[in-house]
Amino acid sequence: MKISTKGRYGLRALLDLAVHSNGEHVALSNIAERQDISENYLEQVFSTLRKAGIIKSVKGAQGGYILADRTSNIKVGKILRVLEGDLSVVQENDDLPDNYYESIQYCLKLNVWDKLNESINTMVDSITLEDLVQAYKSMGNELGDMYYI
């Protein structure tokens, strides 16, 4: 399994939205600029996220995007599944041989691939957008204030 650009950029953009929204709508152009991601590409990603009910959009001059739920209720796993689909490391073949349940292939499925899938899903489902917001904010505190002259 490899997370595509869609998944990586989508998660990055949602974290940006969570950090910068403060309960108000955020323009997609602002997210695109801060994250150096094409606005057109983000429109496609956000359309998918909106249809899945993760974000809401408002049109107009004061419009933009806002999270549809509290950050503590939005799991990274849900975001990635919406953008990537199944997070399995190995795609199962529908054409199984007659002796599949006695095969090496089945042994590997049970003892390696299924366990990897379970670990990945458990991990991404244990992280919320709130966890990422807090981690991001604490990183800023560790770096200290930057002063420019």
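Where a number appears in this text, it was derived from the coordinates with a stated rule and is not lab data. This one's a predicted model, so the numbers in the text were calculated from it and none came from an experiment. Heads up, the Cβs are rebuilt from the backbone with ideal geometry, glycines too, and the neighbour counts pull from every protein chain shown.
In a fully extended conformation the segment linking residue 88 and residue 73 would gain 3.1 nm over its present Cα-Cα distance, using 0.36 nm per residue. Seen from residue 113, the other residues with C-beta closer than 13 Å to its C-beta sum to a net charge of -2, counting Lys and Arg as +1 and Asp and Glu as -1. Taking amide H positions as modeled 1.01 Å from N, with prolines and chain starts lacking one, no residue 5 or more places away or on another chain lies under 5 Å from residue 103.
Listed by Cβ neighbour count within 10 Å, with the fewest neighbours leading, 139, 1 appear as 139, 1.
Within the same chain, aspartates and glutamates fewer than 8 places from residue 78 are excluded, and of the rest, those with a Cα less than 13 Å from its Cα are 69, 86, 125. Let me check against my output: what whole-number percent is the relative contact order of the chain, with C-alpha pairs under 8 Å and at least 6 apart? Contact order relative to length: 27 percent. Could you check how many percent of all C-alpha pairs in the stretch 5-143 are farther apart than 22 Å? The share of Cα pairs beyond 22 Å in the stretch 5-143 comes to 47 percent. Normalised radius of gyration (Cα atoms, divided by 2.2 N^0.38 Å) for the stretch 18-91: 1.17.
If you take all other residues with their beta carbon under 10 Å from the beta carbon of residue 28, and give Lys and Arg +1 and Asp and Glu -1, the sum is -3. With a simple spin-label model that places each label point 7 Å from the Cα along the Cα-to-Cβ direction, the separation between residue 39 and residue 113 comes to 4.4 nm.
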